[in-house]
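The values are calculated or read from the model by the stated rules, or taken from the named source; none is laboratory data. These numbers were taken from a predicted model, which means no experiment stands behind them. Here Cβ is always computed from backbone atoms with ideal geometry, including for glycine, and neighbour counts include all displayed protein chains.
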């Protein structure tokens, strides 16, 4: 029986890797996921015959409740809320890992040995941080508390001290696994630390937080694998952990910032007067005038940002693009890696609106195209098109790779109001002579534009 | 836990890390959101640990913790795979209705 279980785990590990390999291309991705699903099914069925399992009532109850909740969320969650759903799922995954860790420690207590104690402690530490950290991220993404960084005096020092205390407990527990109360105190502090870690991080930095939490949740699962000597858990957890780690690095690189700066920099907390005052004035334009420019353009590039998600404007973008394409205009979409609140957020929204992925372009692919573009339409994006990042070495976002929309012949910025971007940084793009501002709800503006283009 | 088991585990970890790096670096930014939900579903494999904890009757607390853990990981496994598929279904090279028209224009251009 033991061998049979191990063989299903081996099969599952191979199928998981094949599944992730499928994700290297949209054509093969769905087939890959079927491999992974089969792997998961095999591993679960294999485990159910484990010799330690003597009754099934709690297992069946958990499987049914979990399937109903998980299924319901994934059927009804709107694509715009994908970041929130992902944050919640990191919390659930980490919760499972830390509970198994606590249960294992409760059962074995001091007899666990040094190695298993290390694994259990890591599991509970990473799991605890991820549970509350992800829930904080969820609350911020859901707008239940404001998305700006929440800071107080001595915050970093306090957090560091707390982290040091937690790591100290971790060290002592490895030395003396019998210190029961210390174990539970450490678990408690991990939960507290998760909240404090995400509190000072602004909503615009969420792509990094999401990726980091993804990584921690995976590593917590891998630690569980070490604690209960289960290879498939080690493999799946490591894959998840590394995936999150790679994404964190990509996101940080796309903002030209370090992970430390994202975590402890409280970016966007205060308005920094880094741009010289005399920028000129912003020019407001009418939808009818923009429509004429669009109608007679030969190439138009849409640049979506988080504003497109909040306004649920992805379908309206597609409608406008359809009308333009019917008139013979070439339409492309430029996607910045950190546009939105999680990696790939914009791609999913546009795919939902039936935009073919062959017209979605990455930063490197599209930047050379802006000089040959008649109109660039910026939809609720700000910092990712801020030319200060390129031109002004004193800017807080200096060095961040941007979409160079200012090189297009005309730029139209769809924006809710005259306020500054999320990070509170002035955007000189808005003051350039080739830039016009179209104020109002992005969706309403796009519908107005589509209507006007049809009459142009 | 014997040294062999520990070392074998560390080998598995190291090799999975290298393999994961290779495989995941090839995922295009286009699919980063599905990647996140897919890896999340896959790491829901911690379900296998929770199943044993929930069904083994080690003690009441373990059973309860196991039950909650089974529920939480099942949410991730079922929800994760379902939503990944829902997203991947949306990614199309070209909209179905327009394919013919576009193909024919391309042919015209070539001709």
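Things worth noting here:
- Any hit, region A:200-222, residues being without any contact (Cβ under 8 Å) to a residue 24 or more places away in the chain and touching a helix residue (DSSP H, G or I) at 6+ places or on another chain (Cβ under 8 Å): yes
- Residue in region A:133-145 that is away from chain B (no Cβ under 14 Å), farther than 16 Å from residue A:206 by Cα and touching a residue at least 24 places away in the same chain (Cβ under 8 Å) present: no
- Residue B:48 being at pLDDT below 95 and either under 30 Å from residue A:27 (Cα atoms) or at the interface with chain A (Cβ under 7 Å from one of its Cβ atoms) (or both): yes
- Under the condition of being outside any helix (DSSP H, G or I) and either closer than 20 Å to residue A:222 by Cα or in contact with a strand residue (DSSP E or B) (Cβ under 6 Å, 6 or more places away or on another chain) (or both), the residues counted in region A:1-25 number 0.
Results for (1) closer than 30 Å to residue A:207 by Cα; (2) in contact (Cβ under 8 Å) with a residue 12 or more places away in the chain, shown as yes or no for each residue.
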site	(1), (2)
B:23	yes, no
B:35	yes, no
B:47	yes, yes
B:57	no, no
B:60	no, no
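- Test result for residue A:97, crowded, with 17+ Cβ neighbours inside 10 Å, at pLDDT 95 or above and facing another protein chain (nearest Cβ under 9 Å): no
- Selection from region A:150-181 of residues that are closer than 22 Å to residue A:221 by Cα and not in a loop (DSSP other than H, G, I, E, B): A:163, A:166, A:167, A:169, A:170, A:171, A:173, A:174
- Scan of region A:36-74 for residues that are more than 7 Å from chain B (Cβ to nearest Cβ) and either in contact (Cβ under 8 Å) with a residue 40 or more places away in the chain or under 25 Å from residue A:22 (Cα atoms) (or both), ordered by number: A:38, A:39, A:41, A:42, A:45, A:46, A:49, A:51
- Helices (runs of 4 or more DSSP H) wholly inside region A:187-302 containing at least 1 residues that are modelled with pLDDT of 90 or more and on the phi < 0 side of the Ramachandran plot: A:206-227, A:231-253, A:287-295
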